[in-house]
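Trainee: If you scroll down you'll find the structure; I have some questions about it.
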Amino acid sequence: MSSIDYLKSISLIHENDNREVFRTCPLLEKAEEQLHEYFSRQRQNFEIPIDFHGSEFQEKVWKAVQEIPYGHTKTYQEIAQTIGNEKASRAVGLALNKNPLPFIIPCHRVILKSGICGGYAFGNRLKQLLLEQESL
């Protein structure tokens with residue numbers, strides 16, 4: 001399959017950004033539609049083929065995070081344990097910071113053991129809003 005068959009990354013742009021957004025293939029249209037449904041609370045899971053491009057460790061983390069159900073959270077430590085490296089909590093955070101597919105790989109669902117949100121590549125306020133949106 002060609003790379004058009006898989007989504008590799010999502011970029012967030014500021015609403016005042018003047019760049020033109022191109023939707024030139026069915027996969028991008030499907031991704032846009034599913035993201036719109038997610039933000040409208042009409043979708044909890046994404047059905048978009050993705051192409052992971054990271055280290056072996058990053059890919060293990062990203063795949064583990066995809067298993068966290070909508071409306072639930074796990075800690076960095078729980079993800080480290082899931083991938084068989086219980087001492088790698090900080091490395092899990094670093095892998096999530098490199099997540100190329102925010103929302104689809106729901107790294108916002110990973111929190112600190114204390115229950116605090118923890119960091120988020122797109123800002124802690126957005127992470128909190130996403131968790132609130134998903135609260136059941």
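Trainee: So for each of 96-106, 82-92 I average, over its residues, the number of other beta carbons within 10 Å; can you give me the resulting order with the highest mean first?
Mentor: 96-106, 82-92
Trainee: In whole angstrom, how long is each semi-axis of the equivalent ellipsoid of the stretch 56-134, when you take the square root of 5 times every eigenvalue of its Cα gyration tensor and sort them from largest down?
Mentor: Rounded to whole Å, the semi-axes are 18, 13, 12.
Trainee: If N is the number of residues in the stretch 97-136, what value comes out of its Cα radius of gyration divided by 2.2 N^0.38 Å?
Mentor: Cα Rg divided by the expected 2.2 N^0.38 Å: 1.08.
Trainee: If you don't mind, there's one more thing I want to ask. By how many nm would the segment from Asp5 to Leu126 grow when fully extended, if each residue of separation counts as 0.36 nm and the alpha-carbon distance is taken off?
Mentor: Answer, rounded to one decimal: 40.6 nm.
Trainee: What is the gain in length, in nm to one decimal, between Lys30 and Phe52 on full extension, counting 0.36 nm per residue of separation less the C-alpha to C-alpha distance?
Mentor: 6.1 nm
Here, each number is a calculation from the coordinates, and none is a lab measurement. All figures in this text were calculated on a predicted structure; none of them were measured in a lab. Note that each Cβ is placed from the backbone with ideal geometry, even for glycine, and that neighbours are counted across all protein chains shown.
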